[in-house]
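To start, the structure itself, in structure tokens.
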Amino acid sequence: MHKDRTDQLIYDVMDEKFTSFVENNRSLFEKMKYKGVIDVAAAFKEGKLCSTDMLEDPFNVAYIGLTDWGEGSLIAFMDKSFNKIYHYYDVE
């Protein structure tokens with residue numbers, strides 16, 4: 001087990017960050033039935049999303065794509081050019 005965050009691998013840190021974001025915003029994703037694209041800045045301004053740090057460096061998430069995928073849902077985090085930043089496979 002790691003003693004502090006500085007000892008964690010970058011993947012572990014990223015996974016922890018995005019997992020927390022998904023858990024905090026699960027109700028919105030469920031309302032959308034895990035289908036569609038979310039404009040992150042607009043959704044945050046409307047009070048639909050929790051977390052402001054995803055909009056800024058180093059993440060710069062501009063869009064979130066949701067789709068059903070097998071036994072769960074695939075959540076794609078994208079920048080303003082729709083380049084993938086991170087994919088998260090959500091299985092409840």
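The values are calculated or read from the model by the stated rules, or taken from the named source; none is laboratory data. Please read all numbers here as calculations on a predicted model, not as lab measurements. All Cβ positions, even for glycine, are placed from backbone atoms using ideal geometry, and neighbour counts span all protein chains on display.
Below is a table of values for the structure above.
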quantity	calculated
Yes/no for Ser81 being of a type in the set (Ser, Thr, Tyr), exposed (fewer than 14 other Cβ atoms within 10 Å of the Cβ) and assigned to a helix (DSSP H, G or I)	no
Test set (1) within 12 Å of the chain's Cα centre (by Cα); (2) in a helix (DSSP H, G or I); (3) buried (at least 16 other Cβ atoms within 10 Å of the Cβ) - Glu16 fails condition number	(3)
Positions within the range 44-56 being over 24 Å from Val13 (Cβ atoms) and either of a type in the set (Gly, Ala, Ser) or part of a strand (DSSP E or B) (or both), in sequence order	Gly47
Residue list for the range 38-54, restricted to those being among the hydroxyl-bearing types (Ser, Thr, Tyr) and without any contact (Cβ under 8 Å) to a residue 24 or more places away in the chain	Thr52
Whichever residue in the range 57-77 is at pLDDT below 90 and not in a loop (DSSP other than H, G, I, E, B) and, among such residues, is nearest to Glu23 (Cα to Cα)	Gly72
